[in-house]
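None of the figures in this text is laboratory data; all of them are computed from the coordinates on show. Here the structure is a predicted model, which means the values were calculated and not measured. When we count neighbours, we look across all protein chains shown, and the Cβ atoms used for this are built from the backbone with ideal geometry, even at glycine.
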Amino acid sequence: MKKFIPLLIALILLLFSVQVFAEALITVHMKAEKEVTVNKVTKRVAADKVNPGDVIFYTINYVNSGDKEATNSFLDDPIPKGSVYIPGSAFGDNAEITFSIDGGKTFKKPSLLTYEVKVNGKMEKKTASPEQYTHIRWTVNVVPAHGKGQVGFQVQTK
Amino acid sequence: MEKKFSRIRSTAIRTFITGFAVLALLAFALPQAAQARTSGGATIYNTVMVNYTSGTTVLFATANVSVTVNTVGAQPTVTNPVGQTTVAGGAVTYVYKVASNSNGYDTYSTSLLNNTATNVGAATATSVTASVNLWGGITVGASGAGTIQVPFGTTSQLTVNTSTVQIGASTYTVTGIAAGSAASTNAGTGALMPEVPATLTLTLISGTAITAGSVAAGTQVGEYKTAALTAALTAGTPTTPGTDGTYSTFFTITEAASGGSALVTTGVTTTVSSPKATITKTVSPTTGIIPGTVLTYTIVVTNPHPVAQVTNVTVIDPVPAYTTYVASSTLLNSITVHGDGATSPLITPGLLIDNNTSRTAGALATGILPANSSATITYQVTVN
């Protein structure tokens, strides 16, 4: 019987660790909406169909349903093809918002998004315009256990 | 949808940014009056990936949402056929070319058909095709050699080797369609799998062949049809002989998709010929006439109409008083006439004439004076 006690303790400890070993588990949901004006009242409705030129409002909600905080958290969203990012529309609680103009390889603040182009034989530095943004990133860093947050942005349909 | 502002400074910055966004929105809003730049039926696919670490494990989750772009109604381009000339009771058919200027597939319906009549009775049996369906699209990416790209899922209404499209002033047959594929999110990596657009192979009919880069992204491509839209009418009777009548045929064409406006076509003119014969009569001699003098009367009947004939032309001319008809003296185009003898054939009911200079002597004339023709009748009387 004494031989089994270490094994028993190990088993109990294992059981314990399964129960107290928590994880972070993030789920994310996204919705698309547009604004409609009826009788001078403007409200947002689900955007199933839009006209070219319409603005689409994307809202992204994320939830950490786990018992552990999530670290190194960031959300990446490639700007949808067929639309143009509306400058200044990106929002996010406690998020650092950066953009990519190189297909998601690097992300920077808008004023730092530059590229070089040859003008009259000379390389000139130009600041990227929103039409050139390819991705948006929200860097949240930590999502507490059972925490949640919301980010979003707007585009204009081409 | 609430946003929490933790600091007043954030609020001020946000208000400034929002104001800038409104301005930017206005700047973006201006081009809305111009051509829609995305195909109707295109899908705008948005996918977001949240990356995080749990302990030491790197994980991700994704979400996506799709929005479909509407077809916006746009006035088609209707090309009129050439006006035709007909006669009273003649049937005329007009065939129009109609081309799409829209970003998507749409149905174009006609209404308010007019056949405005001038100098002619109302047209009968009037009709116009009820509706025509036309595909439309906006290119994505620059063209390839003989090919253009449009969004995935927007080409089902095109038929290979049948559908014809125009880009600017050039026309093409659709000779190939590669469907492409929809955008999706890779379940294993969370990455966006971009849409592969549909590729249309276009073979030149007239104009400029498509080469790499010759057609820019955002170019409208419209299907056109040359036999689908027709209007028909049967002409009434001109009101005034000698004055041609006309019909001006036009109609209204409207799109099914909203956002466009109705087009009233310009009139196509049908001319209804209204010929009228003219007649002159002379006599010789005019002086030194005594009993026994033989007078020769010359009657010329002319149809001056440039296009239409006159039918059932009959000349009636009683024998003048104080004269006696010279038996069998009547000639039509210098040829003896049917029914001549002791009595003039020109007394009621009169003599049927025509312009034939090869009529068999004594044969009945047809009564037909073709366009731009005349007949000459001569006969003689003796002064009593």
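Annotations for the structure displayed:
- Counting Cβ atoms of other protein chains within 10 Å of each residue's Cβ and taking the mean over peptide A:52-64 gives 5.
- Annotation for B:N80 and B:S284: the two label points, set 7 Å from Cα along the Cα-Cβ direction, are 5.0 nm apart.
- Shape call, the range A:22-157: gyration tensor on alpha carbons, a/c limit 1.5: oblate
- By the Kirkwood approach, averaging reciprocal distances over each pair of separate Cα atoms, the range B:278-383 gets a hydrodynamic radius of 14.2 Å.
- For the listed residue pairs A:K31/A:K148; A:K49/A:K158; A:K108/A:K148; A:K126/A:K158, the alpha carbons are over 20 angstrom apart in A:K108/A:K148; A:K126/A:K158.
- Förster radius 30 Å - calculated FRET efficiency between A:N39 and A:E131 (Cβ-Cβ, nearest 0.05): 0.30
- Charge dipole magnitude, Cβ of K and R +1, D and E -1 - chain B, Cα centre, debye nearest 20: 1220 debye
- Trypsin sites (Lys or Arg not before Pro) within the range A:35-85, DSSP loop, no more than 14 other Cβ atoms inside 10 Å: A:K40
- Translational diffusion coefficient of chain B (Stokes-Einstein, Kirkwood radius from Cα pairs, 37 °C, 0.692 mPa s): 116 µm²/s.
- CD proxy at 222 nm, helix term only [per DSSP H run n ≥ 4: -39500 (n - 2.57); per residue of chain A; nearest 500]: -3500 deg cm²/dmol
- Nearest-0.05 FRET efficiency for B:T159 and B:T226, computed from C-beta distance (R0 22 Å): 0.90
- Exposed loop sites were defined as trypsin sites (Lys or Arg not before Pro) in DSSP loop states (anything but H, G, I, E or B) carrying at most 13 other C-beta atoms within 10 Å; in chain B the longest segment without such a site runs B:8-384.
- Scalar couplings 3J(HN,Hα) for the range B:236-245, obtained by applying the Karplus form with A = 6.51, B = -1.76, C = 1.60 to θ = phi - 60°, are x, 9, x, 7, 10, x, x, 10, 5, x Hz; x denotes Gly and Pro.
- Label zone of A:V142 (point 7 Å out along Cα→Cβ, amide N under 17 Å): in the range A:33-75 this covers A:64-74.
- Geometric descriptor of the range B:77-272, per residue, is 127 Å³ (volume of the convex hull of the Cα atoms).
- Rg(Cα) / (2.2 N^0.38 Å) computed for the range B:33-158, rounded to two decimals: 1.82
- Chain B - mean residue ellipticity at 222 nm from DSSP helices (-39,500 (n - 2.57) per run, n ≥ 4, rounded to 500): -2000 deg cm²/dmol
- Dipole of chain B [Lys/Arg +1, Asp/Glu -1 at C-beta], most positive-end residue of B:A308, B:S131, B:V92: B:S131
- Qualifying trypsin sites (Lys or Arg not before Pro) in the range A:88-137, DSSP loop, other Cβ atoms within 10 Å at most 10: A:K105
- Dipole in debye (nearest 20) - the protein assembly as shown, about Cα centre, beta carbon charges: Lys, Arg +1; Asp, Glu -1: 1900 debye
- Whole-Hz ³J(HN,Hα) from phi, Karplus 6.51 cos²θ - 1.76 cosθ + 1.60, for the range B:259-265, glycine and proline x: x, x, 8, 6, 10, 9, 6
- The slack between B:V326 and B:T311, meaning 0.36 nm per residue of separation minus the straight C-alpha distance, is 2.5 nm.
- For chain B, built as a Gaussian network whose Cα springs stay under 10 Å, the top-fluctuating residue of B:T154, B:T265, B:T240: B:T240
- Look at the dipole of the protein assembly as shown built from charges on Cβ: of A:H135, B:L346, B:G176, the Cα furthest out on the positive end belongs to A:H135.
- Long-range HN-HN contacts of B:A88 with modeled amide H, under 5 Å: B:S273
- For the protein assembly as shown, average projected area of the Cα convex hull in nm²: 48.7 nm²
- Residue-by-residue Karplus 3J(HN,Hα) for the range B:247-254, coefficients 6.51, -1.76, 1.60, Hz, glycine and proline x: 10, 10, 9, 8, 8, 9, 10, 10
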